[in-house]
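A quick write-up on the structure given underneath.
The values are calculated or read from the model by the stated rules, or taken from the named source; none is laboratory data. For clarity, every value in this text was computed on a predicted model and none was experimentally measured. Please note: Cβ atoms are built from the backbone with ideal geometry, for glycine as well, and neighbour counts cover all protein chains shown. The area values use the complete protein model at the heavy-atom level, side chains included, leaving out ligands, DNA and RNA. Shrake-Rupley method; radii C 1.70, N 1.55, O 1.52, S 1.80 Å.
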Amino acid sequence: MGTAWEILWTVLCVVGLALAGWWLFGLLLRPLPGPEARVLLAGRGAGEHLEQQVRAFVWLRGMGLVRCPILIADVDLTPEGRELALRLVARWPGVVLWPVEELPDYIERG
C-alpha cells in the first residue's frame, strides 16, 4: 500500500512540475504586450492560406500569448477571398478586414 502512495505522489509531483514549467515557459514567450501591437496578414487572391493563418493567431490569443487585434489587409482579394475574409471577421472578435490603401488611417486611429 505504501508503494502505491509513493507512485501516486511521484506522478502528481511530476505533473505539477510540468504544468509549472509550461506556464513559466509561456511567460517567457509572450512577445506582444498589448493592443497597441497588431498582427497584419496580407489577403491575396482567394485567400488560400488566410483561414489557417487567422486560426493560428486566434489559437495564440486563446493561449494568452498574443493580445492584439488581427488585421487582414485586402491587398488583392477576389470576391471569393473577400467573402472568406468577411466570414472570418464575423466568426472571431478582434479580426478586422481593412483595405490596404487605408492602412495608414487604421494605424493613426489606434
Nearest 20 debye, what's the magnitude of the dipole of the stretch 12-110 about its Cα centre given +1 on Lys and Arg Cβ and -1 on Asp and Glu Cβ?
560
Mind pulling the angle between the C-alpha long axis of helix 50-63 and the longest principal axis of the chain? Nearest 10 degrees, somewhere in 0 to 90.
40
Helix 79-91 axis, angle to the chain major axis (alpha carbon atoms, nearest 10°)
40
Go ahead and set up a Gaussian network model of the chain, Cα springs under 10 Å, then flag whichever of Leu86, Leu71, Leu12 fluctuates most.
Leu12
Degrees, to the nearest 10: 2-28 long Cα axis against longest axis of the chain
30
Most mobile listed residue (Ala18, Ala37, Ala73) in the chain, GNM with C-alpha springs under 10 Å:
Ala18
Could you look at the stretch 1-80 and say what percent of its accessible area is carbon and sulfur, using a 1.4 Å probe and all protein chains?
72
Relative contact order (percent, whole number), the chain, Cα cutoff 8 Å, 6+ residue spacing
26
